[in-house]
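The values are calculated or read from the model by the stated rules, or taken from the named source; none is laboratory data. Every value quoted in this text rests on a predicted model; they were computed, and no experiment measured them. Glycine also receives a Cβ, built like all others from the backbone with ideal geometry; neighbour counts cover every protein chain displayed.
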Amino acid sequence: MHSFEYNTMEAKIQGLSIQAGELFADLYKNGTSDQSLEALEAYKSLRRLLPLENFSDRHIGATAAHKATQGES
């Protein structure tokens, strides 16, 4: 069972991935392409640390993380 409620390490990773996603969105919006690509790579690396959702190829917390990259958080 994967739940941020029971696994504080996964919760920390999720929080960092949200922050990296928001940073990517801000940098991309401001036109700093080299930095935005680095932030995107950090975001993707953090997301890969999380387990997959049941019966899916998406990592847990994917919806919230994706919204962060779109500036919707």
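The table for this structure:
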read-out: Residue in region 12-30 that is among the polar types (S, T, N, Q) and outside any helix (DSSP H, G or I) present; value: yes
read-out: Residue list for region 23-73, filter: of a type in the set (S, T, N, Q) and over 20 Å from M9 (Cα atoms); value: N30, T32, S33, Q35, S36, S56, T69, Q70, S73
read-out: Neighbours by Cβ (under 6 Å, 6+ apart or cross-chain): first from region 46-65, without any contact (Cβ under 8 Å) to a residue 24 or more places away in the chain and surrounded by 17 or more Cβ atoms within 10 Å (Cβ to Cβ); second of a type outside the set (F, W, Y) and in a helix (DSSP H, G or I); value: H59/R47
read-out: Those residues of region 1-45 which are in contact (Cβ under 8 Å) with a residue 24 or more places away in the chain and more than 17 Å from Q70 (Cβ to Cβ), in sequence order; value: H2, F4, E10, I13, L16
read-out: Single residue of region 6-27 satisfying the filter (surrounded by fewer than 18 Cβ atoms within 10 Å (Cβ to Cβ) and not aliphatic (A, V, I, L, M)) that is modelled with the lowest pLDDT; value: Y6
read-out: Test set (1) in a loop (DSSP other than H, G, I, E, B); (2) touching a helix residue (DSSP H, G or I) at 6+ places or on another chain (Cβ under 6 Å) - D57 fails condition number; value: (2)
